[in-house]
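Note sheet for the following structure.
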Amino acid sequence: MAMASKKVYIEEEDNVASMVCSFIADLSRKTVQEKGAFYIGVSGGSAAKIFCNGLSAISDLQWDKWHIYFCDERVVDFNNADSTYKFYKENLIGKVNLPESQLYAIDPSLDLEDIAIDYAKKIDAIPKDKHGLPVFDLLILGMGPDGHTCSLFPDHKLLEEKNLTVASISDSPKPPQCRITLTFPVINVSKSALFISMGASKAEMVARILEGNESNPLPAARVQLKNGLVHWFLDKAASASLKGKY
């Protein structure tokens, strides 16, 4: 059921991952057929495991047409377990037909602000809207227990960033402190975005994000696409506090 600019899917826990992967696969097929490429931003955590495990098992995807960027990234060496790039490289490259050059990593050898500037140049290769902003076909976003998404945290000054597409952050409340992140100007011109939330521990925050009406919305609630839908994939436990019918 559509709700403003959002669509909510509620499934049994065992079915959520396959539903997410089917959604991504269908969107990639349609997008590649229409324009010959698929530009996607990905996140770490449980979403990364669902993405790599589920999509690598789908045989007909044209991975050579995919361009995979990171919605945010921790500024660590690629051998560090905190590196999101490390996880995707180990679980995709050589297992699917994705050229390594189309998995776009940060350059951790640079100074923090220069890492963000350099990564902004990389996403600048994505086709743009009339305002010159890169338009992702899909962003796979995470939501933290505090309502953060990407590395955009509650009450942080980056929530109000208007000019940069990629920003650096040196005071992340969640370690490691140094990261780069997409900002809302580029997030909210994406064609599509999705969140995955599972488990009873997420129920209260899911309800707050989807049905709250706060004067100072949490970061995940600020994902309001101008020309697309935000898709929420929930299991029944994570949806337990929702009041509406979906």
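Quick note: the coordinates plus some simple rules give every number you see, no bench work behind them. Not measured: the values here are computed from a predicted model. Don't worry about glycine lacking a Cβ; one is built from the backbone with ideal geometry, like all the others, and counts go over all protein chains shown.
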Checklist outcome for this item: Between residue 163 and residue 146, the two model label points (7 Å from Cα along the beta-carbon direction) sit apart by a distance in nm of 2.7
Checklist entry - Any idea how far apart residue 114 and residue 214 come out in nm if each label point goes 7 Å out from Cα toward Cβ? => result 3.8
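By Kyte-Doolittle mean hydropathy of at least -0.5 and Cα axial length of at least 27 Å, which whole DSSP H helices of the chain are selected? Mind showing how you got there, number by number?
Details: long enough: 13-35 (34 Å, -0.20).
Passing helices, by number: 13-35.
For the stretch 2-235, what does the relative contact order come out to in percent, with C-alpha contacts under 8 Å and a separation of six or more? Could you put the intermediate results ahead of the total?
Working: 415 pairs, mean separation 55.8, N = 234.
Relative CO of the stretch 2-235 lands at 24 percent.
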Item to check | Residues of the stretch 198-230 with amide N under 19 Å of the 7 Å Cα→Cβ point at residue 14 | outcome: 198-200
Checklist entry - Suppose every K and R has +1 on its Cβ and every D and E has -1 on its Cβ; what is the size of the dipole of the chain about the Cα centre, in Debye to the nearest 20? => result 720
Checklist outcome for this item: Between residue 107 and residue 62, the two model label points (7 Å from Cα along the beta-carbon direction) sit apart by a distance in nm of 3.1
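Looking only at the chain, where both bridge partners belong to it, what percent of the DSSP beta bridges are antiparallel (to the nearest 5)?
On the way: 11 of 35 bridges.
Of those bridges, close to 30 percent are antiparallel.
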Next on the checklist: Run through the stretch 200-246 and list the GluC sites (Glu not before Pro) located in a DSSP loop whose Cβ has at most 16 other Cβ atoms within 10 Å.
Outcome noted: 214
Checklist outcome for this item: Given the candidates 48, 106, 127, the one whose Cα lies deepest towards the positive end of the charge dipole of the chain, counting +1 at each Lys or Arg C-beta and -1 at each Asp or Glu C-beta, is 127
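Which order do the peptides 19-26, 134-141, 185-192, 171-178 take when ranked by the mean count of other beta-carbon atoms within 10 Å per residue, highest first?
Values: 19-26: 16.8, 134-141: 23.4, 185-192: 20.8, 171-178: 13.2.
In decreasing order of mean packing, 19-26, 134-141, 185-192, 171-178 become 134-141, 185-192, 19-26, 171-178.
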Item to check | Estimated dipole of the stretch 103-246 in Debye, rounded to 20 [Cβ of Lys and Arg +1, of Asp and Glu -1, Cα centre] | outcome: 620
